[in-house]
Amino acid sequence: MALPLGTAAVLLFVLFFELARPRLRRTLARARLAIARARRGHSGESYDPGRERRAEQRARALLRSCVDEEDWEIYNELGFLRVLGPVGAHAGEGPAPYAYLIYPHKPIVAYVPASGELLNEYCVTFPDHTRPFGSSRLPHSDDVLAKWMAITADERRLIGEANMHLPGRQVDPERVRRDLARLSRWERERTERELGGVRAA
Amino acid sequence: MKPGHGEIVLAEGDVDVPEEERELIEAFRRELDAGMWAAVPTEGLAGRREAELVKSFDEVPRDAERVIFFPRAAGGAAPAGR
């Protein structure tokens, strides 16, 4: 007697489960979606495909408003900033003995302007300390501006905070040499344009 | 500057208006307490633009147009890839 009843109970359970499975699946999917929405709502963020592009546009405008016009033109046309050293009180006393190239989200590269010799790479980041795990990065131009502000405000401190490596650790030395050649050509052409403008005037 | 977002205006006001100055000071302290660095874009002795790091509101020049907060620098993880 118990065996047929037990078998019938199992069959009923399986039948009920099979009938209810599509509804259960839909309910679970809705619950997952609701949890995901609640999490996004809680953090005040939702997916916005244009957010990074707008952030970068704002970052470029901010960078432009902070640096010299010549530096902005270098960044706009060549994709990096150049800071002549030493920065601060001794700036402008004769030719710069060294300089830095600032790339977005890459180490700062120190080099000798007179010879083009690469000196060091200084790896520095600006992590979001409020979200130490999985935080987003600064927009490219904000990363460049943060490095520029930190190095022009307190060169020693930034270099002290950075991890120093020999050239070639993260930035391809050939790329840097090409960039220095592009920079040299850009400066020559700019000077020629300015001289041409003066002659024409 | 906020990672993933870029520039966000935190507070605006006139330092000559006491109430607005108080709000600016509160915003300044909040950001520094959150571990941010504060910088004021200035013009250096050589006539080139540079930045000045400030650690308290008193260090901000009275005529400064803005203070930019950005995450504190740290040594990078330095993966060997290019």
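Observations on the model:
- Which listed residue is over 21 Å from A:VAL67 (Cα atoms), facing another protein chain (nearest Cβ under 8 Å) and without any contact (Cβ under 8 Å) to a residue 24 or more places away in the chain, from B:ALA46, B:ALA34: B:ALA34
- Filter result for the condition that a residue is more than 30 Å from A:LYS106 (Cβ to Cβ) and out of contact with any Pro (no Cβ under 6 Å at 6 or more places or on another chain), over B:PRO3, B:PRO61: B:PRO61
- Residue-level check: of (1) closer than 23 Å to A:LYS147 by Cβ; (2) over 13 Å from the mean Cα position of the chain (by Cα); (3) without any contact (Cβ under 8 Å) to a residue 40 or more places away in the chain, B:PRO3 misses just (3).
- Count of residues meeting criterion [of a type outside the set (A, V, I, L, M), buried (at least 18 other Cβ atoms within 10 Å of the Cβ) and more than 17 Å from A:ALA114 (Cβ to Cβ)] in the range A:166-186: 2
- Residue within the range B:58-70 that is surrounded by fewer than 17 Cβ atoms within 10 Å (Cβ to Cβ), within 13 Å of chain A (Cβ to nearest Cβ), at negative phi and not in a loop (DSSP other than H, G, I, E, B) present: yes
- A residue that is farther than 30 Å from B:GLY47 by Cβ and at pLDDT below 95 can be found somewhere in the range A:54-76.
- Meets criteria (at pLDDT below 90, touching a Ser or Thr at 6+ places or on another chain (Cβ under 9 Å), within 24 Å of A:GLN170 (Cβ to Cβ) and of a type outside the set (Lys, Arg)) for A:VAL87: yes
- Meets criteria (facing another protein chain (nearest Cβ under 8 Å) and either surrounded by fewer than 16 Cβ atoms within 10 Å (Cβ to Cβ) or among the small types (Gly, Ala, Ser) (or both)) for B:GLY13: no
- Considering the range A:57-70, and only residues there that are in contact (Cβ under 8 Å) with a residue 40 or more places away in the chain and at the interface with chain B (Cβ under 7 Å from one of its Cβ atoms), the residue that is surrounded by the fewest Cβ atoms within 10 Å (Cβ to Cβ) turns out to be A:ARG58.
- For the range B:6-43, filtering for residues that are assigned to a strand (DSSP E or B) and under 11 Å from the mean Cα position of the chain (by Cα) leaves 6.
- Here B:VAL54 meets the list (1) over 10 Å from the mean Cα position of the chain (by Cα); (2) over 23 Å from A:TRP72 (Cβ atoms) almost entirely, failing just condition (1).
- Helices (runs of 4 or more DSSP H) (entirely within the range A:133-201) containing at least 3 residues that are in the same structural domain as A:SER65 (by TED's automatic domain parsing) and modelled with pLDDT of 95 or more: A:140-153, A:173-200
The values are calculated or read from the model by the stated rules, or taken from the named source; none is laboratory data. All values derive from a computational prediction rather than experimental measurement. Note: ideal-geometry Cβ built from the backbone for every residue, glycine included; neighbour counts use all protein chains shown.
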